[in-house]
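**Student:** Pasting a structure below so you can have a look.
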Amino acid sequence: MAELLQVIRGMHDILPADMPVWHQLEDEYRALAESYGYCQIRTPIVEKTALFARSIGAVTDIVEKEMYSFVDRNGDSLSLRPENTASVVRAGLQAGMLQDQQHRMWYCGPMFRHERPQKGRYRQFHQLGAEAMGIAGADIEAELILLAARFWKRLGLDDIDLQINSLGSSECRRRFRGILVEYLRDHSTALDDDSRRRLETNPLRILDSKNPEMQALIEAAPVLKDSLDQESRDHFEELTDILDKTGVPYQVNRRLVRGLDYYCHTVFEWVTETLGAQGTVCGGGRYDGLVEQLGGKPNYAAGFSMGSERLVSMLIDQGKARAAADCDVYLLMRGANGVARAHQLAEAMRDRMPRLRLVVHAGGGSFKSQMRKADKSGARFALILGEAEIEAGTVALKFLREDRPQDEILQTELVTRMASLLGSN
């Protein structure tokens with residue numbers, strides 16, 4: 001017997017029994033994003049490696065250690081996308097969408113990073129996200145936060161808290177970077193290996209370190225707030241004013257940063273304590289520098305992404321996951337002549353009842369075994385079509401979840417009767 005092949009470590013199957021909660025998540029997000037005026041964009045899973053080296057940074061962990069990269073038959077270095085923001089900006093530039101235009105876009109799909117697998121974190125993982133292009137003010141950042149806040153409400157999720165911070169303008173950020181690097185160099189003996197490596201490339205990321213031995217050093221570090229100019233302070237105040245007036249609670253976390261140079265002004269994270277150490281379920285902010293970094297003219301951009309696996313886990317853990325949808329009707333047959341007529345009848349019902357969840361028995365078997373499958377399907381009703389019913393132009397109706405006698409229905413009246421029994425269908 002051949003060896004049974006297993007899924008690749010860090011990848012996972014989403015089986016039919018798991019899909020209802022995924023549909024719940026994605027359907028709710030699509031409806032919500034479109035209600036805010038966001039249009040869907042789909043980008044390729046495979047991009048040129050240079051796109052991510054340029055956007056994320058060639059010396060970051062993601063590009064150096066975590067990307068799935070390969071050389072194709074033409075000699076080009078390609079990568080499975082580790083995130084989607086760079087792809088969305090690349091697509092917008094390529095299509096000429098970012099020239100004096102405003103666009104609100106949302107996306108949904110798989111990303112790939114060769115990380116250590118843990119709860120809610122896989123090497124193939126899925127993200128929901130939103131990107132807003134060409135809009136300068138803090139109002140669009142507030143809109144993105146409000147969209148996410150409403151998403152938690154629609155899903156019924158609890159224990160998700162908002163943290164926000166301001167990185168200021170690019171000039172403020174450059175000024176603070178110099179101050180921070182000077183401080184960290186003066187305390188270089190207290191830095192761990194990751195922080196020493198980041199000191200020359202992404203020093204702001206050191207402020208995100210979870211190493212308990214470095215927390216005192218981080219707490220005593222300079223804060224970006226002291227390097228903000230008045231324009232940056234006004235921008236952040238506009239954001240907090242909108243959040244205050246719309247009733248969105250938040251915490252200002254002065255250690256919340258984004259380590260990439262194209263970020264500026266607002267950054268935010270939605271965090272939870274219900275998922276263990278990896279508590280961020282959604283992160284975003286303003287990234288005006290990315291458009292120019294990818295070859296376009298300077299432009300405004302803001303967005304967020306959220307991890308689908310983590311949200312699915314929260315929906316399940318909090319008892320908010322949608323149950324699997326049972327079928328409404330199971331159609332079975334007796335006798336050799338019933339199969340073709342059963343499918344004919346089923347298609348006529350589907351024509352007139354497009355939302356009907358109807359399963360036609362397949363694969364033969366005794367009437368008793370068919371009834372067992374009808375019951376196992378979760379259907380509320382079984383329709384039985386035998387030679388006697390075909391001859392009489394009727395169908396037998398059996399109530400599977402109620403103690404009611406079996407009934408006979410004229411086939412010409414079947415749709416009307418079933419619509420009455422099923423109500424919304």
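The values are calculated or read from the model by the stated rules, or taken from the named source; none is laboratory data. It should be emphasised that the depicted structure is a prediction, and the values quoted were computed from it without experimental measurement. Cβ coordinates were reconstructed from backbone atoms using ideal geometry, including for glycine residues, and neighbour counts include every protein chain displayed.
**Student:** Pick from L191, L144, L128, L180: which is crowded, with 21+ Cβ neighbours inside 10 Å and modelled with pLDDT under 95? Write out each step before concluding.
**Tutor:** Details: L191 fails: crowded, with 21+ Cβ neighbours inside 10 Å; L144 fails: modelled with pLDDT under 95; L128 fails: modelled with pLDDT under 95.
Unique residue meeting the criteria: L180.
**Student:** Those residues that are among the basic types (K, R) and modelled with pLDDT under 90, I need them from the stretch 320-344; list them, please.
**Tutor:** So the first thing to find is which residues in the stretch 320-344 are among the basic types (K, R), and the list is 320, 322, 334, 341.
Once the filter is applied, which keeps residues that are among the basic types (K, R) and modelled with pLDDT under 90, the stretch 320-344 yields R322, R334.
**Student:** Tally the residues that are without any contact (Cβ under 8 Å) to a residue 60 or more places away in the chain and closer than 21 Å to C264 by Cβ, restricting the search to the stretch 201-244.
**Tutor:** 17
**Student:** Out of the residues in the stretch 220-245 that are of a type in the set (D, E) and exposed (fewer than 14 other Cβ atoms within 10 Å of the Cβ), state the one that is nearest to E171 (Cα to Cα). Give the steps one after another, and end with the answer.
**Tutor:** Filtering the stretch 220-245 down to residues of a type in the set (D, E) leaves 226, 229, 231, 234, 237-238, 241, 244.
From what is left, the residues that are exposed (fewer than 14 other Cβ atoms within 10 Å of the Cβ) are 226, 229, 231, 234, 237, 241, 244.
Working: D226: 13, D229: 9, E231: 11, D234: 15, E237: 19, D241: 24, D244: 28 Å.
So the residue we want is D229.
**Student:** So, one more: Among (1) part of a loop (DSSP other than H, G, I, E, B); (2) exposed (fewer than 15 other Cβ atoms within 10 Å of the Cβ); (3) at pLDDT below 95, there is one condition G37 misses while meeting the rest; what is its number?
**Tutor:** It is condition (3) that G37 fails.
**Student:** Answer yes or no as to whether S166 is in contact with a Gly (Cβ under 8 Å, 6 or more places away or on another chain) and of a type in the set (S, T, N, Q). Don't jump to the end; show me each part of the working.
**Tutor:** Values: in contact with a Gly (Cβ under 8 Å, 6 or more places away or on another chain): no; of a type in the set (S, T, N, Q): yes.
So S166 does not fit the description; no.
**Student:** Report, by residue number, each residue of the stretch 273-289 that is part of a loop (DSSP other than H, G, I, E, B) and buried (at least 20 other Cβ atoms within 10 Å of the Cβ). Explain how you work it out, then say what you get.
**Tutor:** Pass one, the stretch 273-289, residues part of a loop (DSSP other than H, G, I, E, B): 273-279, 287-288.
Once the filter is applied, which keeps residues that are part of a loop (DSSP other than H, G, I, E, B) and buried (at least 20 other Cβ atoms within 10 Å of the Cβ), the stretch 273-289 yields L275, Y287.
**Student:** Tell me, which strands (runs of 3 or more DSSP E) wholly within the stretch 45-136 include 1 or more residues that are in contact with a Gly (Cβ under 6 Å, 6 or more places away or on another chain)?
**Tutor:** Numbers: elements: 46-48, 69-71, 77-80, 103-112, 124-133.
It comes to 103-112, 124-133.
**Student:** Name the pairs: first residue in the stretch 117-139 and farther than 20 Å from F268 by Cβ, second residue surrounded by 20 or more Cβ atoms within 10 Å (Cβ to Cβ) and among the hydroxyl-bearing types (S, T, Y), Cβ to Cβ under 8 Å, at least 6 apart or on different chains?
**Tutor:** Filtered contacts from the stretch 117-139: F125/S308; H126/S308.
**Student:** Let me ask another. Could you tell me how many of the residues in the stretch 72-106 are without any contact (Cβ under 8 Å) to a residue 40 or more places away in the chain and among the hydroxyl-bearing types (S, T, Y)? Can you show your working first?
**Tutor:** From the stretch 72-106, those without any contact (Cβ under 8 Å) to a residue 40 or more places away in the chain are 72-82, 94-97, 100-102; that's our starting set.
This time we only want the ones that are among the hydroxyl-bearing types (S, T, Y), so: 77, 79.
So the count comes out to 2.
**Student:** Spot the failing condition for E347; the list is (1) within 36 Å of the chain's Cα centre (by Cα); (2) among the charged types (D, E, K, R); (3) under 26 Å from A323 (Cα atoms), and only one is missed.
**Tutor:** The one condition E347 does not meet is (3).
**Student:** Hey, can you tell me all the residues within the stretch 1-25 that are crowded, with 16+ Cβ neighbours inside 10 Å and either among the hydroxyl-bearing types (S, T, Y) or closer than 18 Å to L157 by Cβ (or both)?
**Tutor:** Step one: of the stretch 1-25, the residues crowded, with 16+ Cβ neighbours inside 10 Å are 10, 21-22, 24-25.
Once the filter is applied, which keeps residues that are crowded, with 16+ Cβ neighbours inside 10 Å and either among the hydroxyl-bearing types (S, T, Y) or closer than 18 Å to L157 by Cβ (or both), the stretch 1-25 yields V21, W22, Q24, L25.
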